[in-house]
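Here the structure is laid out as structure tokens; the discussion comes afterwards.
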Amino acid sequence: MNRFLRFALAAPLLMGGAAFAQLPAANDSVVTGQGYANDVYYSFDEGTRGAVDRKNWDIAFQIAIPSSILVNADKGIQLYKGQPIAEWATADTTGRINLSNRLVNSNKSWDYGAFNSTADLNSDIDPGWGTYDMGTHTVTGDSLFFLKVNDTTFKKIWIVARYSGQSSPTGESMYRFRIANLDGSDEIERDMVVSQFAGKQFAYYTVAGDLVDREPVNVTEWDLLFTKFIHVFEEIPISQAEHFYAVTGALSNPNVAVAEVITDNMELSDTTGLTWSEEINAVGDDWKAFNNQTFQWTWSDSTVFFVRDQSGDIWRLIFTGFSGSGSGKYLFNKTLILTSSVTDKAGAETRFAVAPNPGRSVNFLYELQNSAASVQVRVADAQGRIVMQRDLPTSAGFRSLPMDGDAFAPGLYVVTLSVDGQTTSQRWLNR
């Protein structure tokens, strides 16, 4: 979508003297299908970007460092700690397939898949499944794992290495892994070349031997993933199966941040002082609950999420319904609160918007995180001629400057905000 067209902002809502720019609230939905059959990748800007069968993979390999490796728990795939790799030939599951040895994907970070569960969290170079060589940038696998494929089938698996291009036997960055039956039969060794999945977050593999390119868009093109994932209930002893529990909800893109506010004001637009989380389950699943008396799903009427997307735009997200497993439908309301930003010399962001856009009688809105020495707005026409220039208040906070479009000829203009010499621009269609 053309960027300035989606800035069709409503007039500012004034609260306590502060101005907040926002789009008219838009109702939207995501459908994951009966039994939550699909993963749905969603963009606040573009809507649903694609839906894909959630059970068409078993293991996922992270394209970027730190080389996270996931398992598809919803498909029934389970991973267990094994033995030192020197014992590959004599691997034995006796006494090892129990809840205390089970490894699960983190529900807080994409960087810690089940295979990474034993990593030293204080180390930037420990992936958990191997050791990192600072010289060659190769991770060499040192651990044997047991993979439960179904109730009757176990495999042993060894992540042999992740090679950088300079150390790779083929000259390309890749994973090499080995998988076999417990008795050593049907052993195969596969290479997964990272460049074949460029732009994606993970590359996928099935125990049947297939490499799967399943993400419908690049990692830069989605904000939330509606899916099922394992929640670890720390209050329940690990000896009980409910310690690991599958839930449905939304996980964030690794480049997205979320702030959750419990409030009676569902029109809340002030993002000042929010605590932003980069944990991927910040939206998660606990805004809804199943009522065991009515056998119906309920959802919170006092939870507001603010989502800062990859471009820096801030959206307000309010869930308004959930169908459950019948259709796997999520209903929600989304509102673009603030967009565009300029970073001042101290590193603080200033956001601004023209509202409504397109429009004639509009407001120029901006928010200073810190006081500035100088703040200026200028408007240039399509030929680059300056048709308006004005100094603005420099103290921290929200501001609203009315601009009368009747003073300008109809057409396309570029509005530029300058904060202490740092600038950013947005197009404004005056009509």
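The values are calculated or read from the model by the stated rules, or taken from the named source; none is laboratory data. Predicted, not measured: the structure shown is a model, and the values here were computed from it. Here Cβ is always computed from backbone atoms with ideal geometry, including for glycine, and neighbour counts include all displayed protein chains.
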Original post:
How about region 55-82: which of its residues are under 20 Å from T153 (Cβ atoms), buried (at least 20 other Cβ atoms within 10 Å of the Cβ) and touching a helix residue (DSSP H, G or I) at 6+ places or on another chain (Cβ under 6 Å)?
Top reply: I69, V71, L79
Original post:
Restricting attention to region 244-264, does a residue exist that is more than 14 Å from the chain's Cα centre (by Cα), surrounded by 19 or more Cβ atoms within 10 Å (Cβ to Cβ) and of a type in the set (F, W, Y)?
Top reply: no
Original post:
Filtering region 212-253 down to residues that are touching a Ser or Thr at 6+ places or on another chain (Cβ under 7 Å) and of a type in the set (A, V, I, L, M), which residue is farthest from A51 (Cα to Cα)?
Top reply: I238
Original post:
From D420, D381, which residue is in contact with a Lys or Arg (Cβ under 6 Å, 6 or more places away or on another chain), at pLDDT below 90, surrounded by 12 or more Cβ atoms within 10 Å (Cβ to Cβ) and not small (G, A, S)?
Top reply: D420
**OP:** Report yes if some residue within region 137-149 is buried (at least 20 other Cβ atoms within 10 Å of the Cβ), among the aliphatic types (A, V, I, L, M), assigned by TED's automatic domain parsing to the domain that holds A203 and under 28 Å from G165 (Cβ atoms); otherwise report no.
**Re:** yes
**OP:** Could you please tell me which pairs satisfy a Cβ distance under 8 Å, a separation of 6+ or placement on different chains, a first residue in region 395-414 that is assigned to a helix (DSSP H, G or I), and a second residue that is among the β-branched types (V, I, T)?
**Re:** G405/V362
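Can you tell me which residue is surrounded by the fewest Cβ atoms within 10 Å (Cβ to Cβ) among those in region 165-184 that are farther than 17 Å from I69 by Cβ and hydroxyl-bearing (S, T, Y)? Walk me through it before giving the result.
Residues of region 165-184 farther than 17 Å from I69 by Cβ: 165-172, 180-184.
So of that shortlist, the ones also hydroxyl-bearing (S, T, Y) come out as 167-168, 170.
On the way: S167: 16, S168: 19, T170: 11.
Selected residue: T170.
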**OP:** Scan (1) more than 18 Å from F202 (Cα to Cα); (2) of a type in the set (D, E, K, R); (3) buried (at least 21 other Cβ atoms within 10 Å of the Cβ) for the single condition R162 breaks and write down its number.
**Re:** (1)
Subject >> Cβ pairs under 6 Å, 6+ apart, first in region 106-119 and free of Cβ contacts under 8 Å to residues at least 24 places away in the same chain and assigned by TED's automatic domain parsing to the domain that holds F202, second surrounded by 21 or more Cβ atoms within 10 Å (Cβ to Cβ) and among the β-branched types (V, I, T) >> reply: none
**OP:** Could you check how many residues of region 83-117 are surrounded by 14 or more Cβ atoms within 10 Å (Cβ to Cβ) and of a type in the set (S, T, N, Q)?
**Re:** 9
Subject >> Members of region 267-301 that are farther than 30 Å from V71 by Cα, surrounded by 15 or more Cβ atoms within 10 Å (Cβ to Cβ) and either out of contact with any strand residue (DSSP E or B) (no Cβ under 6 Å at 6 or more places or on another chain) or in contact (Cβ under 8 Å) with a residue 40 or more places away in the chain (or both) >> reply: L268, S269, D270, T271
**OP:** Could you check, for region 212-230, whether at least one of its residues is under 21 Å from the mean Cα position of the chain (by Cα), farther than 20 Å from P66 by Cβ and exposed (fewer than 13 other Cβ atoms within 10 Å of the Cβ)?
**Re:** yes
